[in-house]
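J.: Here it is: the structure, laid out below.
The numbers here are math on the coordinates, done by the rules we state, and not lab data. If you're wondering where the values come from, they're calculated on a predicted model, not measured in any experiment. Cβ placement follows ideal geometry from the backbone for every residue including glycine, while neighbour counts extend to all protein chains displayed.
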Amino acid sequence: MKAVLLRLETNVLNYFTFILFFLLLAHLNVSAQTEIPLFNKVHDFGIAVGYAHTANIEMDFHDYTFDKEPSSLIKLSYDNFLTPKLAAGAYFHLIKTSVEAHYSDIVPDGEFIGGEWVFFDREVRENYSLGALVWEIGGSFKTRFLMAGKWEVKPGINIGYRKFYFDEDDMEKAKILRIFEYKNQDAEAEGLGLNASVEFLYPLFQRFLFVAETGFLTQPYGGTHSVTDVQFGPVMYLLIGVHL
């Protein structure tokens, strides 16, 4: 019961942080200047690369806990501005990451001491690294406003479909692949991507804009078809790139 309450408390704190992030963006947008941003284009194409931070991942494997290691992230995006300040668009993420699997169990053991066997329980701890490739595709809704005269700021929300492909050799070493095989399940998972983003754009040339982007990736719902759920709270990321 204590572990369940701790997990619930962690989820509540994570999503409370996520909600505060959106409230801050809403406040910034309301208090921003009303003039039309520089390079006011109807269509906006972008590519950016960067880094996603670590995270605790909830997966229901007995005696295992999981952590996502820092990841490389590539993002492609397209925004179509329906009004000068409101856009609907699409995005694609490609993520190369690894998941640290921590195994812990208590097993019976014994030693022959002083002419007799002495039996006791021994704690076993093992760590494994599971390579994973993740892609995500979805839609986005963004607004934009000016900051400090030339910086264009674009906060948004992104909702998409996320797919995980785990390295089967790593899964075999961690003794997890057999669980998938028993359930006749590929070493894959999927989920709902619910993300927040804010882009800071600055004009470089006539058509190009430098972009720095930060935000959060979350997966409130997801998993495999028959083996386990896969969920995680807000994961911060940082990207830099260009838009045109």
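J.: Assuming 0.36 nm per residue, please report the length gained on full extension of the stretch R207 to Y221 beyond their Cα-Cα distance. Intermediate values should be presented prior to the final figure.
T.: Working: separation 14, 0.36 × 14 = 5.04 nm, distance 3.92 nm.
Between R207 and Y221, full extension yields 1.1 nm more.
J.: Set the bar at 19 Å for Cα to Cα. Now go through K96/K154; K41/K85; K85/K142; K96/K163; K75/K142; K96/K142 and name every pair that lies beyond it. Don't jump to the answer; show the numbers that get you there.
T.: Numbers: K96/K154 26 Å; K41/K85 11 Å; K85/K142 8 Å; K96/K163 12 Å; K75/K142 16 Å; K96/K142 26 Å.
Cα-Cα > 19 Å for K96/K154; K96/K142; rest within.
J.: What order do you get for K75, K183 when you list them from fewest to most C-beta neighbours inside 10 Å?
T.: Working: K75 22, K183 13.
Lowest count first: K183, K75.
J.: Once you have the Cα-Cα distance between I137 and L94, take 0.36 nm times their residue separation minus that, and quote the gain in nm to one decimal. Numbers along the way, then the final one.
T.: Values: separation 43, 0.36 × 43 = 15.48 nm, distance 0.91 nm.
14.6 nm is the gain from fully extending I137 to L94.
J.: Now a separate question. Determine the distance separating the Cα centre of the stretch 182-244 from the Cα centre of the stretch 134-152; give it in Å without decimals.
T.: With the stretch 182-244 and the stretch 134-152 each reduced to a Cα centre, they are spaced 14 Å.
J.: Please list, in order along the stretch 135-143, the HN-Hα scalar couplings obtained from phi with the Karplus expression 6.51 cos²θ - 1.76 cosθ + 1.60 (θ = phi - 60°), rounded to whole Hz, x for Gly and Pro.
T.: 10, 8, 9, x, x, 9, 10, 9, 10
J.: Same structure again: Report the Stokes-Einstein translational diffusion coefficient (µm² s⁻¹, integer) for the stretch 118-244, Rh taken as the Kirkwood radius over Cα pairs, at 4 °C with viscosity 1.567 mPa s. Don't skip to the answer; put the middle values down first.
T.: Numbers: Rh = 17.7 Å.
Taking Rh from Cα pairs, D becomes 73 µm²/s.
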